[in-house]
Amino acid sequence: MSSVDKIKKIHVIVCWLYIFLSFRSTISNTEYFLLIFLAFLYSIVSLPIYSVKNKIVSICLAINSILLMSFPILINKYFPGNVSTYIVLISIFILEFLIFNKIGKDFDTRLASEYRKISQFKSKMSQSPWIKYLEISSFILTIFPFILHGTVANRVFALIFLIKICVDTTIKILLNRIFKTSKVMKRRIFSLFVLDLIVYIFLGYVLVMQKDGYLFSILLIFSNFSLPFIREKEYELFKNKK
(Lines give C-alpha, C1' and ligand atoms only; values in the text may rest on other atoms or scores of the structure.)
Protein backbone atom coordinates (compact mmCIF):
# COMPACT_ATOMS: atom_id res chain seq x y z
CA MET A 1 0.00 0.00 0.00
CA SER A 2 1.40 3.40 -0.98
CA SER A 3 1.96 6.26 1.46
CA VAL A 4 -0.90 8.20 -0.12
CA ASP A 5 -3.30 5.26 0.25
CA LYS A 6 -2.37 4.93 3.93
CA ILE A 7 -2.98 8.64 4.54
CA LYS A 8 -6.32 8.53 2.71
CA LYS A 9 -7.48 5.41 4.55
CA ILE A 10 -6.58 6.86 7.94
CA HIS A 11 -8.38 10.09 7.00
CA VAL A 12 -11.52 8.15 6.08
CA ILE A 13 -11.41 6.02 9.25
CA VAL A 14 -10.89 9.07 11.47
CA CYS A 15 -13.72 11.05 9.84
CA TRP A 16 -16.27 8.21 9.97
CA LEU A 17 -15.47 7.31 13.57
CA TYR A 18 -15.71 10.99 14.38
CA ILE A 19 -19.11 11.29 12.74
CA PHE A 20 -20.39 8.13 14.43
CA LEU A 21 -19.38 9.30 17.90
CA SER A 22 -20.57 12.85 17.30
CA PHE A 23 -24.16 11.89 16.57
CA ARG A 24 -24.60 9.95 19.81
CA SER A 25 -27.41 11.31 21.96
CA THR A 26 -25.03 11.35 24.93
CA ILE A 27 -21.26 11.31 24.94
CA SER A 28 -19.21 9.75 27.74
CA ASN A 29 -15.85 10.96 29.01
CA THR A 30 -14.14 8.05 27.25
CA GLU A 31 -15.74 8.98 23.91
CA TYR A 32 -14.87 12.62 24.50
CA PHE A 33 -11.19 11.71 24.95
CA LEU A 34 -11.43 9.52 21.84
CA LEU A 35 -12.67 12.47 19.78
CA ILE A 36 -9.71 14.57 20.91
CA PHE A 37 -7.33 11.67 20.14
CA LEU A 38 -8.83 11.27 16.65
CA ALA A 39 -8.34 14.98 15.95
CA PHE A 40 -4.73 14.67 17.10
CA LEU A 41 -4.22 11.52 14.94
CA TYR A 42 -5.65 13.29 11.90
CA SER A 43 -3.25 16.21 12.36
CA ILE A 44 -0.20 13.96 12.84
CA VAL A 45 -1.02 11.80 9.80
CA SER A 46 -1.49 14.95 7.70
CA LEU A 47 1.88 16.52 8.55
CA PRO A 48 3.84 15.11 5.54
CA ILE A 49 1.31 16.61 3.14
CA TYR A 50 2.16 20.16 4.23
CA SER A 51 5.69 19.91 2.81
CA VAL A 52 4.90 18.45 -0.61
CA LYS A 53 1.59 19.83 -1.82
CA ASN A 54 0.08 23.15 -2.80
CA LYS A 55 -1.28 25.89 -0.57
CA ILE A 56 -4.93 24.95 -1.13
CA VAL A 57 -4.38 21.51 0.39
CA SER A 58 -2.38 22.97 3.28
CA ILE A 59 -5.10 25.50 4.07
CA CYS A 60 -7.83 22.85 3.89
CA LEU A 61 -5.86 20.56 6.19
CA ALA A 62 -5.21 23.33 8.69
CA ILE A 63 -8.87 24.36 8.82
CA ASN A 64 -10.02 20.74 9.01
CA SER A 65 -7.66 20.04 11.91
CA ILE A 66 -8.95 23.10 13.79
CA LEU A 67 -12.57 22.03 13.18
CA LEU A 68 -11.87 18.50 14.42
CA MET A 69 -10.18 19.86 17.54
CA SER A 70 -12.95 22.36 18.27
CA PHE A 71 -15.80 19.92 17.69
CA PRO A 72 -15.52 18.08 21.06
CA ILE A 73 -15.78 21.45 22.82
CA LEU A 74 -18.94 22.27 20.82
CA ILE A 75 -20.47 18.91 21.72
CA ASN A 76 -19.70 19.22 25.41
CA LYS A 77 -20.96 22.80 25.51
CA TYR A 78 -23.99 22.70 23.22
CA PHE A 79 -24.83 18.97 22.73
CA PRO A 80 -24.97 17.11 19.38
CA GLY A 81 -28.29 18.52 18.16
CA ASN A 82 -27.17 22.13 17.88
CA VAL A 83 -26.96 23.81 14.45
CA SER A 84 -23.32 24.83 15.00
CA THR A 85 -22.26 21.19 15.40
CA TYR A 86 -23.92 20.25 12.09
CA ILE A 87 -22.20 23.17 10.35
CA VAL A 88 -18.83 21.92 11.59
CA LEU A 89 -19.56 18.35 10.44
CA ILE A 90 -20.62 19.48 6.96
CA SER A 91 -17.52 21.68 6.71
CA ILE A 92 -15.31 18.69 7.62
CA PHE A 93 -16.87 16.59 4.84
CA ILE A 94 -16.49 19.36 2.23
CA LEU A 95 -12.85 20.05 3.13
CA GLU A 96 -11.98 16.35 3.17
CA PHE A 97 -13.49 16.01 -0.31
CA LEU A 98 -11.36 18.93 -1.54
CA ILE A 99 -8.22 17.43 0.01
CA PHE A 100 -8.75 14.05 -1.66
CA ASN A 101 -9.35 15.66 -5.04
CA LYS A 102 -6.36 18.01 -4.83
CA ILE A 103 -3.83 15.30 -3.94
CA GLY A 104 -2.35 14.38 -7.33
CA LYS A 105 -1.10 11.05 -8.66
CA ASP A 106 2.52 12.15 -8.29
CA PHE A 107 2.06 12.83 -4.60
CA ASP A 108 3.41 9.46 -3.43
CA THR A 109 6.72 9.96 -5.24
CA ARG A 110 7.09 13.47 -3.86
CA LEU A 111 6.23 12.24 -0.36
CA ALA A 112 8.94 9.55 -0.51
CA SER A 113 11.45 12.17 -1.65
CA GLU A 114 10.43 14.43 1.24
CA TYR A 115 10.96 11.63 3.77
CA ARG A 116 14.50 11.12 2.47
CA LYS A 117 15.24 14.81 3.02
CA ILE A 118 13.72 14.69 6.51
CA SER A 119 15.98 11.75 7.45
CA GLN A 120 19.01 13.91 6.63
CA PHE A 121 17.80 16.87 8.66
CA LYS A 122 19.31 17.47 12.12
CA SER A 123 17.53 20.20 14.05
CA LYS A 124 19.59 22.51 16.25
CA MET A 125 16.63 22.62 18.60
CA SER A 126 16.80 18.86 19.19
CA GLN A 127 20.52 19.06 19.97
CA SER A 128 19.92 21.29 23.00
CA PRO A 129 19.17 19.26 26.16
CA TRP A 130 17.80 22.35 27.93
CA ILE A 131 15.22 22.96 25.22
CA LYS A 132 14.32 19.27 25.24
CA TYR A 133 13.66 19.24 29.01
CA LEU A 134 11.81 22.56 28.93
CA GLU A 135 9.67 21.33 26.02
CA ILE A 136 8.67 18.24 28.01
CA SER A 137 7.92 20.42 31.04
CA SER A 138 5.76 22.73 28.93
CA PHE A 139 3.77 19.77 27.60
CA ILE A 140 3.20 18.41 31.12
CA LEU A 141 2.04 21.84 32.30
CA THR A 142 -0.30 21.98 29.30
CA ILE A 143 -2.19 18.78 30.17
CA PHE A 144 -2.17 19.25 33.97
CA PRO A 145 -5.23 21.58 34.09
CA PHE A 146 -7.28 19.12 32.01
CA ILE A 147 -6.35 16.22 34.32
CA LEU A 148 -6.98 18.26 37.46
CA HIS A 149 -10.22 19.89 36.28
CA GLY A 150 -12.96 19.60 38.86
CA THR A 151 -10.58 18.75 41.70
CA VAL A 152 -8.74 22.06 42.24
CA ALA A 153 -9.63 25.76 42.30
CA ASN A 154 -9.01 28.13 39.38
CA ARG A 155 -6.14 29.79 41.27
CA VAL A 156 -4.19 26.51 40.91
CA PHE A 157 -4.78 26.70 37.16
CA ALA A 158 -3.54 30.30 37.24
CA LEU A 159 -0.31 29.22 38.98
CA ILE A 160 0.26 26.41 36.44
CA PHE A 161 -0.45 28.87 33.63
CA LEU A 162 2.11 31.39 34.95
CA ILE A 163 4.76 28.67 35.25
CA LYS A 164 4.04 27.54 31.69
CA ILE A 165 4.41 31.11 30.39
CA CYS A 166 7.82 31.34 32.12
CA VAL A 167 8.92 27.99 30.68
CA ASP A 168 7.79 28.89 27.14
CA THR A 169 9.46 32.31 27.35
CA THR A 170 12.71 30.68 28.47
CA ILE A 171 12.54 28.35 25.45
CA LYS A 172 12.15 31.36 23.12
CA ILE A 173 15.17 33.08 24.73
CA LEU A 174 17.31 29.95 24.28
CA LEU A 175 16.15 29.57 20.68
CA ASN A 176 17.06 33.18 20.00
CA ARG A 177 20.60 32.44 21.21
CA ILE A 178 20.86 29.24 19.15
CA PHE A 179 19.79 31.02 15.95
CA LYS A 180 21.49 34.35 16.70
CA THR A 181 23.24 34.34 13.31
CA SER A 182 20.04 33.74 11.32
CA LYS A 183 17.84 36.80 10.82
CA VAL A 184 15.10 34.67 9.24
CA MET A 185 14.88 32.36 12.24
CA LYS A 186 15.00 35.27 14.70
CA ARG A 187 12.09 36.91 12.86
CA ARG A 188 10.11 33.67 13.01
CA ILE A 189 10.81 33.24 16.74
CA PHE A 190 9.79 36.84 17.47
CA SER A 191 6.55 36.63 15.43
CA LEU A 192 5.55 33.40 17.20
CA PHE A 193 6.44 34.96 20.56
CA VAL A 194 4.01 37.82 19.80
CA LEU A 195 1.38 35.29 18.74
CA ASP A 196 1.96 33.39 21.98
CA LEU A 197 1.33 36.58 23.94
CA ILE A 198 -2.02 37.07 22.19
CA VAL A 199 -2.99 33.48 22.99
CA TYR A 200 -1.90 33.90 26.63
CA ILE A 201 -3.99 37.08 26.97
CA PHE A 202 -7.04 35.27 25.59
CA LEU A 203 -6.51 32.26 27.88
CA GLY A 204 -6.02 34.59 30.85
CA TYR A 205 -9.32 36.31 29.97
CA VAL A 206 -11.13 32.94 29.85
CA LEU A 207 -9.68 31.87 33.21
CA VAL A 208 -9.72 35.13 35.18
CA MET A 209 -12.60 37.14 33.70
CA GLN A 210 -14.91 34.35 32.54
CA LYS A 211 -13.84 31.98 35.34
CA ASP A 212 -14.32 29.06 32.96
CA GLY A 213 -11.71 26.57 34.15
CA TYR A 214 -13.07 23.82 31.92
CA LEU A 215 -12.80 25.78 28.66
CA PHE A 216 -9.38 27.10 29.74
CA SER A 217 -8.06 23.57 30.36
CA ILE A 218 -9.30 22.41 26.93
CA LEU A 219 -7.92 25.37 24.98
CA LEU A 220 -4.57 25.15 26.78
CA ILE A 221 -4.05 21.66 25.33
CA PHE A 222 -4.03 23.14 21.82
CA SER A 223 -1.85 26.15 22.65
CA ASN A 224 1.55 24.48 22.05
CA PHE A 225 1.99 25.43 18.40
CA SER A 226 5.16 27.58 18.40
CA LEU A 227 7.90 24.95 18.41
CA PRO A 228 6.52 22.92 15.46
CA PHE A 229 6.39 26.11 13.37
CA ILE A 230 9.95 27.00 14.36
CA ARG A 231 11.13 23.52 13.40
CA GLU A 232 9.22 23.79 10.13
CA LYS A 233 11.06 27.04 9.29
CA GLU A 234 14.40 25.50 10.22
CA TYR A 235 13.67 22.55 7.94
CA GLU A 236 12.62 24.90 5.13
CA LEU A 237 15.98 26.70 5.35
CA PHE A 238 17.75 23.33 5.38
CA LYS A 239 15.97 22.28 2.17
CA ASN A 240 16.83 25.55 0.42
CA LYS A 241 20.54 24.95 1.08
CA LYS A 242 20.42 21.51 -0.52
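The values are calculated or read from the model by the stated rules, or taken from the named source; none is laboratory data. Please read these numbers as outputs of a predicted model, since none were measured by experiment. Calculation scope for accessible area: heavy atoms of the full protein, side chains included, ligands and nucleic acids excluded. Shrake-Rupley method; radii C 1.70, N 1.55, O 1.52, S 1.80 Å.
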Rolling a 1.4 angstrom probe over the protein chains, ignoring ligands and nucleic acids, what is the accessible area of Glu232 in square angstrom, nearest 10?
80 Å²
Counting only heavy atoms of the protein chains, get the accessible area per residue of segment 107-242 (1.4 Å probe) and round it to a whole Å² value.
61 Å²
With all protein chains present, how much of the accessible area of segment 97-225 (probe radius 1.4 Å) comes from carbon and sulfur, to the nearest whole percent?
67 percent
Determine the equivalent ellipsoid of segment 176-236 by diagonalising the alpha-carbon gyration tensor, then write out the semi-axes as square roots of 5 times the eigenvalues, largest first, rounded to whole Å.
29, 12, 7
With every protein chain present, what accessible area does Ser191 have (1.4 Å probe, heavy atoms only), rounded to the nearest 10 Å²?
60 Å²
Overall Cα dimensions of segment 139-242, principal axis frame, Å, largest first:
52, 18, 18
